[in-house]
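The next block holds one structure in the form of structure tokens; read it before the comments.
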Amino acid sequence: MQTTAQDPIVPAAPRLAHRVAGLLAPACIAVFFMATVLTEVFGSPAAVAQLKSWIVAPGLWILVPAIAAAGGSGMFLSRTRRGRLVDAKKKRMPFIAANGLLVLVPCAIVLERWAGAGHFGAAFYAVQALELVAGATNLTLMGLNVRDGLRMAGRLRPPAAVTKARS
């Protein structure tokens, strides 16, 4: 069994799965976010409808398992870890999951249906705004989790101000 230098008890495979899922999920949200903004600004209604269709399938079929895999593998890896960074990541994950499943997924499905039917009224743009805010929120929280994960792995140092304050 291959193990990593950071934690000899945990095999390398769960760490790799966590790393891949933990980067894939925010990458999906970032791509969805940027594509939505660019298509809304520069695209036709047909382009918006096509994008919404792609976000639902295959997009959600990639995003939802990636979020679940990142959260599940993170919980598995954190069994043997303690500390402020682990606690912060554990506190963010339920909100990321709830925001994804209760806001982002329903918004994506509703927007895909409305765009496909050509309904681009005030309700469409209200739901679109909600989806963009929820997406930006999840992207921020996932970014914080990536940052803390890099710090835990020793690949990212804390800012100089924090280091000096602790001295």
When you scan segment 35-49, how many residues do you find that are assigned to a helix (DSSP H, G or I) and either closer than 24 Å to Met93 by Cβ or hydroxyl-bearing (Ser, Thr, Tyr) (or both)?
2
Taking the options Val64, Val48, name whichever one is among the aliphatic types (A, V, I, L, M), farther than 19 Å from Asn145 by Cα and buried (at least 16 other Cβ atoms within 10 Å of the Cβ).
Val48
For segment 120-152, which positions are outside any helix (DSSP H, G or I) and either among the basic types (Lys, Arg) or surrounded by 14 or more Cβ atoms within 10 Å (Cβ to Cβ) (or both)?
Phe120
Just the residues that are touching a residue at least 60 places away in the same chain (Cβ under 8 Å) and outside any helix (DSSP H, G or I), please, taken from segment 50-82.
Arg81
The one condition in (1) within 25 Å of Leu16 (Cβ to Cβ); (2) in a helix (DSSP H, G or I) that Arg157 fails to fulfil
(2)
Return yes or no: is Arg15 at pLDDT below 90, surrounded by 15 or more Cβ atoms within 10 Å (Cβ to Cβ), closer than 15 Å to Asp148 by Cα and among the charged types (D, E, K, R)?
yes
Here are some residues: Ala108, Ala47. Which one is more than 19 Å from His18 (Cβ to Cβ), touching a residue at least 12 places away in the same chain (Cβ under 8 Å) and not β-branched (Val, Ile, Thr)?
Ala108
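The values are calculated or read from the model by the stated rules, or taken from the named source; none is laboratory data. Everything quoted here is computed from the prediction, not taken from an experiment. Cβ atoms come from the backbone with ideal geometry, glycine included; neighbour counts cover every protein chain shown.
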